[in-house]
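Comments concern the structure below.
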Amino acid sequence: MKGTAHSCIGAGVGFAVANYVDAAPSTTLLLVGIGGIAALMPDMDIDGKLSNKITISHKVFRAIAQAVGALMILYSIYAGNETELLFSIGAGLAIILISCLIKQRHMLTITGAGVLFGGISLQETWLILLAIFIIIASFTPHRSYTHSIIGTIYFAYISFQFAQSLQMDGVYLTCLLAYISHLVADMSIFPFNKRGVKLFLPLSSKDF
């Protein structure tokens, strides 16, 4: 199923939860938005639709890194002393060489590291947990652990911490049900899905 369809279903979940908790119009709008985003979270894995949208092109990142490395080398040549020269040239060359190895799939890991830094800086537990989710997802194949019961349980804990931070009725239920809706919509019982989801990883790799 396409990401837009998942997002629409998640938004519908948010609207339903808002009506269930008798939320105000402004809260309803927020829950609809949260549901639309939460429903896309399982696709944070490698080759997932969401992972490709939240990361910049690895070519752009590589060009920036190489420019920084080159500037470090040039600066050390013109303005650094002997010790700084050796260190800066070495560091600049290392940045250039490492950047050449970066592929698009590595950008999700880098994004997760950035979110982790933000979570630690803001001292937000849910953001730190989300960063760990993103980093782990960046190493897992599409429709694997983020589409499993284990992934759902972990995201449920992220949702709980997020709801505790917002202190708003319906947030936890919206996040959890929207996430689950993605897994259900990706199941092989629907004819538009070429393959299903491996709900019981790592115990079983059977598609459902």
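Of note:
- Scan the range 97-109 for residues that are hydrophobic (A, V, I, L, M, F, W, C), modelled with pLDDT under 80 and either surrounded by fewer than 19 Cβ atoms within 10 Å (Cβ to Cβ) or outside any helix (DSSP H, G or I) (or both) and the total you get is 4.
- Meets criteria (modelled with pLDDT of 90 or more and buried (at least 18 other Cβ atoms within 10 Å of the Cβ)) for residue 178: yes
- Leading residue by the ranking (farthest from residue 127 (Cα to Cα)) among those in the range 149-161 that are of a type outside the set (Gly, Ala, Ser) and surrounded by fewer than 22 Cβ atoms within 10 Å (Cβ to Cβ): 149
Yes/no per residue for (1) aliphatic (A, V, I, L, M); (2) surrounded by fewer than 18 Cβ atoms within 10 Å (Cβ to Cβ); (3) free of Cβ contacts under 8 Å to residues at least 12 places away in the same chain:
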position	(1), (2), (3)
124	no, yes, no
128	yes, no, no
137	yes, no, no
141	no, yes, no
147	no, no, no
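- Residue among 206, 198, 194 that is more than 20 Å from residue 36 (Cβ to Cβ) and crowded, with 20+ Cβ neighbours inside 10 Å: 198
- If only residues of the range 21-76 that are touching a His at 6+ places or on another chain (Cβ under 8 Å) and outside any helix (DSSP H, G or I) are counted, the one that is modelled with the lowest pLDDT is 48.
The values are calculated or read from the model by the stated rules, or taken from the named source; none is laboratory data. Predicted model, so just to flag it, every value in this text is computed and none were measured. Every residue, glycine as well, gets a Cβ built from its backbone with ideal geometry; the counts of neighbours run over all protein chains shown.
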